[in-house]
Amino acid sequence: PPDFALCCDGSLPATIQERAVTSPIFYRPENFSKMRVKVLNKSIAPGDEELRIAAKVHNAHKDLNPDVHDLSIEIRDDDVVYAATVPAGTMTKSGRVWLLKDPLGSIGGIKLLKLKIKANRGASLSLRTVGMDLTALDVGEHMVHAVVTSGNMALTHRRIWVEMNGGKALGTNR
């Protein structure tokens, strides 16, 4: 057709432009950058498992402050496997480090909870519980969701749960 006569002119180079379409990638710097969750059997008896969590975040929200806001931790798959809330002001503070030590685990079974907030607002959290019943956790590969909340802040981490060490320990991949 006359409208396309210029396209068919051999004096012009044929040009191809390749274009790609992709799904958007959402980056939330306030969420966990690394998290490791383990359940260790302390003895052969069922119901005597210990939960260990080690997590890091690059950009913690200003509401991550255990002096002012409750700090809640939850691990779930199909069911809530573990949930604990540390009331505001319960943890002792030394500089930028908050610590809760309780060998009896009177708050949600927490034996040791350490939260460190760096000057650049990066943060690390580690938790260790006393022996407790964590049998609600399904064994085998499936999704596990970890959530830490404080005030209006919610840090989340969702990963595939994998069995390690012959079933004695379980953990999420990084």
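I need the Debye-formula profile for segment 54-114: one equal scatterer per C-alpha, no solvent, reported as log10 I(q)/I(0) at q = 0.13, 0.16, 0.24, 0.28 1/Å, two decimals.
-0.38, -0.57, -1.18, -1.35
Evaluate segment 91-139: find the radius of gyration of its Cα atoms, find its Kirkwood radius, and give the ratio Rg to Rh. All intermediate terms of the calculation are to be shown ahead of the outcome.
On the way: Rg = 13.4 Å, Rh = 12.1 Å.
Taking Rg over the Kirkwood Rh, I get 1.10.
Taking the Cα atoms of segment 58-159, report the difference between the largest and smallest coordinate on each principal axis, in whole Å and largest first.
For segment 58-159, the Cα extents along the three principal axes come out at 40, 30, 18 Å.
Values in this text are rule-based calculations from the coordinates and carry no lab data. Values in this document were obtained by computation on a predicted structure and should not be read as measured data.
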